[in-house]
Amino acid sequence: MTATTADGVAATAAAAGMVGIALFQLAIALGAPLGRASWGGTHVGPLPTGLRVASSVAVLAWTCAALIVLRRGGLGLLAIPETVARWGVWILFGLLLLSALVNVASSSAWERYFWGPYALIVGGLCFLAA
């Protein structure tokens, strides 16, 4: 199925949101003092080594997610099969909804008031791209 213009716009916006998440994860993986805004918000300042490694893996995961969404919107640069893109966007939609719920339930104000709505918006864009 060929993507419509609206699908492409939603996919591009969702991918941009995922790149934003990847850049945030990269910053904390490199030691940015944003522990209160990530991984449950229980760390002041930079994250401990284990969570910084997890953030490094998250950078790769969110980058791949952005490429999958772009492929679903008909804008992909890689030879990702359409079936992978179609199912991948639905899986990302579900994961982002779950992420929004977990973030809203967090004790971290950053996660409750920024990352929760952010995940909900990017998830909604994935739904539109799907």
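The values are calculated or read from the model by the stated rules, or taken from the named source; none is laboratory data. Note that the structure is a prediction, hence the values are computed from the model and not measured. Using ideal geometry, Cβ is built from the backbone for each residue, glycine included, and neighbour counts are taken over all protein chains shown.
Does any residue of the stretch 109-123 turn out to be assigned to a helix (DSSP H, G or I), small (Gly, Ala, Ser), modelled with pLDDT under 95 and more than 22 Å from residue 42 (Cβ to Cβ)?
No, there is no match, as no residue in the stretch 109-123 is assigned to a helix (DSSP H, G or I), small (Gly, Ala, Ser), modelled with pLDDT under 95 and more than 22 Å from residue 42 (Cβ to Cβ).
Just the residues that are under 21 Å from residue 109 (Cβ atoms) and assigned to a helix (DSSP H, G or I), please, taken from the stretch 24-52.
24, 25, 27, 28, 35, 36, 37, 39, 40, 41, 51
Return yes when residue 49 is out of contact with any Ser or Thr (no Cβ under 7 Å at 6 or more places or on another chain) and surrounded by 15 or more Cβ atoms within 10 Å (Cβ to Cβ) and no when it is not.
So residue 49 does not fit the description; no.
Here's the yes/no breakdown for (1) loosely packed, with under 15 Cβ neighbours inside 10 Å; (2) outside any loop (DSSP other than H, G, I, E, B); (3) aromatic (Phe, Trp, Tyr):
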site	(1), (2), (3)
54	no, yes, no
62	no, yes, yes
68	no, yes, no
79	yes, no, no
88	no, yes, no
101	yes, yes, no
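Before we move on, is residue 20 within 18 Å of the chain's Cα centre (by Cα) and either surrounded by 19 or more Cβ atoms within 10 Å (Cβ to Cβ) or assigned to a helix (DSSP H, G or I) (or both)?
yes
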